[in-house]
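J.: Just passing along the structure, written as structure tokens.
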Amino acid sequence: MAKTARTVPISQIILDEEIYPRSGVYPKRVSMFAENLRDGFEIDSIDVQIHPEYGDKYRILDGAHRWHAYKEIGATEIPVHIITLDGLNPLLYAAKKAIGPLQLTEEEARTTARRAYENNSRLTSFEIGQAIGRSRQTVDAYIADLRAATNMEIDIKIFRMHRLGFPQDRIAKRMGVNQKTIHNHLGEMPELAFLLNTDLSKGFTVPQVAEKHGWAEPLVWSITLEGKSDLVRFKALNWGLRTWDLWNWNDCDKRFGDDWPGRIPAQMIGHILYYFSDQNDLVFDPMAGGGVVADTCLAFNRKCWSFDMDNRPDTRPEIEPCFWDITNLKWPIKGKTKPDLIIFDPPYFKKQSNNYDFDSISGLSKEKYLEFLKSFFALAHSNAKKSTQMAFINADWRDFQNTPAKNETRVNSILIKSDAQEVLWRFRIVGSTPQPRNL
Ligand SMILES: C[S@@+](CC[C@H](N)C(=O)[O-])C[C@H]1O[C@@H](n2cnc3c(N)ncnc32)[C@H](O)[C@@H]1O
């Protein structure tokens, strides 16, 4: 932690409620400081840090009453210590400073402890207690409900990754905890599953149970459908099985995956799983987006390893961060385990580039995009088994939804070569040697 003394314009100082541990300002204390200043006494500089959002402002870590006093006497400048916290929690720093001259009230201490824990659930009760001047046991009591909810959240995340076939070391890495912790959490799984099954056996529906326990629906499906065949699963999900090879759906089943640009229907993933994989097989989803493949794999008892450049550890821990870099393509997983099925749903060429990150392959030139596909297929091939299947999902409209096919220009397509050889690859499954089918 570093400290620099300076005098700054009072207009550059902000009282940021996010990191202010008190419920208000005490007027008597402000008047006392103001009187001291008018009488020419020196008072201590206030502690500030550079505001994380507005770089030209400072926010108060300690000295809100003194700052008010300077304003009250009409001062335009104020002496400060600019503090660099080096990772210390600013709310806890402020709380620790506050307990010196004037103890935090019971309510202020409780609120500060809860806010600090909500911001960072890795803080221990001891650390919080030290900052707010309370014992570890008191802090335990302040945050007991928050901690229980966090533990439940952790359990659910671990459960989900475990059901999807993640080895414990990868779960530990993703959750930022050690393997022993994962092992301990996994020990709680049978009991969690038992709780859900009890409610399900009482006749509660999957959405009701999911809501009651705070679980996502796909995970509840994975438990309620345990041991069932794929066909029973189709029926339970209310999806008619298409027994022919042209599949149409009007909409995406909202129970699976997040609202995501280029989201695909879970019903289609269900069909791909049914026709091209077996239960317990490992599915690999290199550009997973909103996670519809992983969610559907839960409902169909497939393992699934998903990756995307978009990293969302809180909501989608099972989608591991991975940037497929065209200049240095690498398979993200080392080890002998190879996928049985790859479900590859890259973003369309250009058409939705504004909806994805700047670096997404959607923004590449046509030549580069095709080069990427070529290199990716070669890499996937060298990391696959002989029996691995690939579902390549591509909507190669030449323009987009609102242009009639006959008005479209070929320049915006990727795989359509010429009018004579026109092929549509929409939702077409291909093996390791792509064989476009004339429709
Ligand atoms: C069409 S979306 C996948 C949608 C997904 N199947 C769903 O239904 O939600 C394609 C995904 O590819 C990801 N992506 C694009 N370029 C990437 C790259 N170079 N490396 C990793 N991910 C990339 C985007 O972030 C996007 O989430």
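Rule-based calculations on the coordinates, nothing more; no lab input. Quick caveat, the model's predicted, so the values are computed rather than measured. We place every Cβ from the backbone using ideal geometry, glycine too, and count neighbours over all the protein chains shown.
J.: Please give, to one decimal in nm, the separation of the simple spin-label points placed at D44 and N248, each 7 Å out from Cα toward the Cβ.
T.: My value for the distance between the label points is 7.5 nm.
J.: Okay, moving on. Pick out, from N248, V177, P21, the residue whose Cα sits farthest towards the positive end of the charge dipole of the chain, with +1 on the Cβ of Lys and Arg and -1 on the Cβ of Asp and Glu.
T.: Positive-most Cα among the choices belongs to N248.
J.: Moving to a separate point now. Show me 388-394, 172-178, 123-129 ranked by packing, highest mean number of other Cβ atoms within 10 Å first. Walk me through the numbers on the way to the answer.
T.: Values: 388-394: 21.0, 172-178: 15.1, 123-129: 17.7.
Packing proxy ranking, top to bottom: 388-394, 123-129, 172-178.
J.: In the structure displayed, which of K212/K254; K157/K374; K202/K228 lie more than 26 Å apart, Cα to Cα? Write down the numbers at each step before the final one.
T.: On the way: K212/K254 19 Å; K157/K374 35 Å; K202/K228 19 Å.
From the list (K212/K254; K157/K374; K202/K228), the Cα-Cα distance tops 26 Å for K157/K374.
J.: Residues in the range 256-296 near a label at K330, defined as backbone nitrogen under 20 Å from the 7 Å Cα→Cβ point?
T.: 285-288
J.: Where does the chain land on Rg(C-alpha)/(2.2 N^0.38 Å)? Before the final figure, lay out each step's value.
T.: Numbers: Rg = 28.7 Å, N = 439, 2.2 N^0.38 = 22.2 Å.
The value comes to 1.29.
J.: A follow-up question, please. Let me check I have the definition right: for the range 64-173, take the eigenvalues of the Cα gyration tensor, multiply each by 5, take square roots. What are those semi-axes in whole Å, largest first?
T.: Numbers: eigenvalues 289, 61, 24 Å².
Gyration-tensor ellipsoid for the range 64-173: 38, 18, 11 Å.
J.: Assign unit charges at the C-beta atoms only (+1 for Lys and Arg, -1 for Asp and Glu), then state the dipole size of the chain relative to its Cα centre in Debye, rounded to the nearest 20.
T.: So the dipole magnitude of the chain works out to roughly 1140 debye.
J.: Here is a further query. Quick one: helix 366-382 against the long Cα principal axis of the chain, what's the angle to the nearest 10°, folded into 0 to 90?
T.: Orientation of helix 366-382: about 80 degrees from the principal axis.
J.: Can you give the FRET efficiency to the nearest 0.05 for E153 and K385, using r as the Cβ-Cβ distance and R₀ = 25 Å?
T.: Working: r = 36 Å, r/R0 = 1.43.
Once rounded, the FRET efficiency stands at 0.10.
J.: Okay, next question. Can you bin every Cα-Cα distance in the range 202-347 into 5 Å intervals starting at zero and give me the percent of pairs per bin, rounded to whole numbers?
T.: 2, 9, 18, 22, 21, 15, 8, 4, 1, 0, 0, 0
J.: Okay, next question. Taking +1 at the Cβ of each Lys and Arg and -1 at the Cβ of each Asp and Glu, which of W67, M152, T138 sits farthest along the dipole of the chain towards its positive end, judged by Cα position relative to the Cα centre?
T.: M152
J.: Spin-label point model (7 Å from Cα, Cβ direction): what's the N311 to E226 distance in nm?
T.: Result: 3.4 nm between the two label points.
J.: Let me ask something additional. Any chance you could give the angle, 0 to 90 degrees and rounded to 10, that helix 189-201 forms with the longest Cα principal axis of the chain?
T.: The helix 189-201 is inclined about 70 degrees to the chain.
J.: For D278 paired with Q137, estimate the spin-label separation in nm (one decimal), with each label point 7 Å from Cα along the Cα-to-Cβ line.
T.: Each label point is offset 7 Å from its Cα along the Cβ direction, giving 5.8 nm.
J.: Under 16 Å from a point 7 Å along the Cα-to-Cβ line of H183: which residues of the range 126-170 have their amide N that close?
T.: Only 167-170 fall inside the zone, counting backbone N under 16 Å.
J.: Hey, another quick one. Residues in the range 57-84 near a label at S11, defined as backbone nitrogen under 18 Å from the 7 Å Cα→Cβ point?
T.: 57-59, 68, 70-79
J.: Let me ask another. Sort 232-245, 334-347 by the packing proxy (mean of other Cβ within 10 Å over each peptide's residues), most packed first.
T.: Numbers: 232-245: 13.1, 334-347: 17.9.
In descending order of packing, they fall as 334-347, 232-245.
J.: While we're on this one: Can you give the convex hull volume of the alpha carbon atoms of the range 284-367 per residue, in Å³? Don't jump to the answer; show the numbers that get you there.
T.: Numbers: hull volume 9.7 nm³, N = 84.
Dividing the Cα hull volume of the range 284-367 by its residue count gives 116 Å³.
J.: Note the angle between two axes, namely the Cα long axis of helix 106-119 and the longest principal axis of the Cα atoms of the chain, as a number of degrees from 0 to 90, rounded to the nearest 10.
T.: Rounded to the nearest ten degrees, it is 30.
J.: About the Cα centre, and with charges only on the beta carbon of Lys, Arg (+1) and Asp, Glu (-1), how big is the dipole of the range 267-366? Nearest 20 debye, please. Please list the in-between numbers first.
T.: Details: 11 positive and 14 negative charges, 59 e Å.
About 280 debye.
J.: What is the sum of charges around Q208, taking Lys and Arg as +1, Asp and Glu as -1, for the other residues whose C-beta is under 12 Å from the C-beta of Q208?
T.: Values: positive: K202, K212; negative: D199, E211, E217.
Local charge sum for Q208: -1.
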